[in-house]
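All remarks here apply to the structure that follows.
The values are calculated or read from the model by the stated rules, or taken from the named source; none is laboratory data. Source: prediction; values computed, not measured. No Cβ is skipped: glycine too gets one built from the backbone with ideal geometry, and neighbour counts run over all protein chains shown. Please note that ligands, DNA and RNA were not included when accessible areas were found on the heavy atoms of the full protein model with its side chains. Shrake-Rupley method; radii C 1.70, N 1.55, O 1.52, S 1.80 Å.
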Amino acid sequence: MAAVVGIFVGQAWSGIPWFEAGAAPGAVAPFSFGTLLGTQLLLMGWVESKRWVDFFNPDSQAVEWATPWSRTAENFANATGEQGYPGGKFFDPLGFAGTLSDGVYVADAEKLERLKVAEIKHARLAMLAMLIFYFEAGQGKTPLAALGL
């Protein structure tokens with residue numbers, strides 16, 4: 001979802017089409033390829049190892065986030081009791097689906113359900129937008145040019 005907004009903002013700011021941005025002569029990478037690769041392998045390795053463990057022991061990785069701190073920090077667990085979905089003061093710092101009262105996160109189940117559905121809808125819309133962007137790029141067009149901007 002952020003990529004769709006980033007494509008519009010990036011082109012409006014730099015004037016370079018999103019599909020040519022990395023090839024621009026003045027493009028500066030914020031970090032090296034080795035740093036990117038190492039970070040990707042470390043983070044994805046952790047996530048995939050959790051998925052692999054969950055394959056052999058279903059739902060084992062969704063219980064209280066299955067993290068080293070999950071036994072001591074109750075607010076890392078989902079306040080609604082639903083396993084495997086974000087919640088709590090660290091995963092909802094702006095209080096969209098609950099409130100923080102005296103350091104304890106109190107979830108609003110109705111708001112959380114609406115936000116889950118909205119997230120799925122927004123993600124599907126973003127995927128459709130990216131598909132359109134790919135087709136436009138194949139024709140040499142940018143999203144801003146297709147909109148006449």
Would you check if there is a residue in region 107-123 being in contact with a strand residue (DSSP E or B) (Cβ under 8 Å, 6 or more places away or on another chain), at pLDDT below 80, outside any loop (DSSP other than H, G, I, E, B) and closer than 29 Å to ASP54 by Cα? yes
When both residues are 6+ apart or on different chains and their Cβ atoms are under 8 Å apart, which pairs have a first residue that lies in region 102-127 and is among the hydrophobic types (A, V, I, L, M, F, W, C) and open to solvent by less than 100 Å² (accessible area, probe 1.4 Å), and a second that is assigned to a helix (DSSP H, G or I) and at pLDDT below 80? VAL104/ASN75
Inspect all residues belonging to region 69-85 and state whether any of them is open to solvent by 80 Å² or more (accessible area, probe 1.4 Å), among the polar types (S, T, N, Q) and at pLDDT 80 or above. no
Regarding region 135-143, can at least one residue be identified that is assigned to a helix (DSSP H, G or I), modelled with pLDDT of 85 or more and among the aliphatic types (A, V, I, L, M)? yes
